[in-house]
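To start, the structure itself, in structure tokens.
The values are calculated or read from the model by the stated rules, or taken from the named source; none is laboratory data. Predicted, not measured: the structure shown is a model, and the values here were computed from it. Every residue, glycine among them, receives a Cβ derived from its backbone with ideal geometry; neighbour counts consider all protein chains shown. Heavy atoms of the whole protein, side chains included, go into the accessibility calculation; ligands, DNA and RNA do not. Shrake-Rupley method; radii C 1.70, N 1.55, O 1.52, S 1.80 Å.
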Amino acid sequence: MKNYFPFLLLIFFTFCTYGKPPKEGLLWKISGNGLTQPSYLFGTWHGDTELRNQSFLDSVPGFHASFRSVKQFMCENTAGVVPQAPDSSLNKLRALMIMPKDTTYSDLLDKSQQSILDTFLLKTLKETSSKMELRPGVLAFILCQIAVEDTVKSRIRQKVKILESSTRLPDSVVLARREQLYSDNDIMDYALLKKAKAKGLELVGLDNLIGYQPTDLFTSDVSLKEQADSLVQCIARSFFDHWVDSTNFKTGALRNAYREQNIHKVKYEKQQQLDEIVKMDSRHRIKMNEMMQSMLTDRNKDWMKHIPTYIKNKSTFIAVGAVHLSGEEGLIQLLRNAGYTVEPM
């Protein structure tokens, strides 16, 4: 299990933070400090299908009015919507995710192990390890994410069946709900980015401004051989299913906290998950703290070097992962420290 520590953190990092939580809420109004018009700060959900449905945004007080009022949209990264210039950090990240050119899975696994992996890959990704370029640790993360997502979709299908079995609901209601549940929506951040582009807003990527790439997540002292062995052990034993079930259970608490629009509770649930990771192997505590410092505290501070310049002249909608907002080093507190008034909507 310890071999996957850097990759498991990818599931959690966008929601982790520390310090005293601010008042509950997902959407915050930024004013004062010389601003002639307000800007807005919104905490997004990076997670699975169940909260990708855009109807959730209808429940956020003031969301649509504030989004309509702005001229500029800031998010963590504009990749996929705005063409990206060549960047050496992107090349470094890719190098950490992709196998060395002279290494394949047949070099790392014996025939029995490779057969186990190929059977699993054919079922999950419709291809074999001979065509797989991802490093074993990265592949393990992707396989776990697919399994978690499939579980969520299965639960959604059960909801649809319950609706369809109801004789009290009009067909139009069932059909509308079925479409809503089954639709393959983008994750919230990407959907908002595309919405902002369609609206003609100026688009700004905070990570693009600071040149941030999560390279620490894919840096590991564990050899490729050890990673590959652990990957096969996970998919060949009950551990994989147990890990998926455990992740779904913990994500459910997070999802409920986010649905309640309670960033204090989201932070608490994520901290519980981080504590569980450390329990697996206490030697990871130092590395975890270093990674959280880089991905949250330092990143927020680097973003704040640019945010005042952008919100000074244009009303801006800032959408970042929910717990980037909270804590002593969260964006809400950093904005307040800079002299702005930040209030929940």
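Would you mind stating whether GLN227 is open to solvent by less than 20 Å² (accessible area, probe 1.4 Å), more than 29 Å from SER69 (Cα to Cα), modelled with pLDDT of 80 or more and among the polar types (S, T, N, Q)?
When the stated conditions are applied, GLN227 passes them.
Just for the stretch 102-137: of the residues that are of a type in the set (A, V, I, L, M, F, W, C) and without any contact (Cβ under 8 Å) to a residue 60 or more places away in the chain, which one is most open to solvent (accessible area, probe 1.4 Å)?
In this case the residue turns out to be LEU122.
What about ALA191, is it farther than 30 Å from ASP107 by Cα and at pLDDT 90 or above?
For ALA191, the condition - farther than 30 Å from ASP107 by Cα and at pLDDT 90 or above - is not met.
Restricting to the stretch 331-345, and then to whatever is of a type in the set (Val, Ile, Thr) and buried (at least 17 other Cβ atoms within 10 Å of the Cβ), can you tell me which residue is farthest from PRO38 (Cα to Cα)?
ILE332
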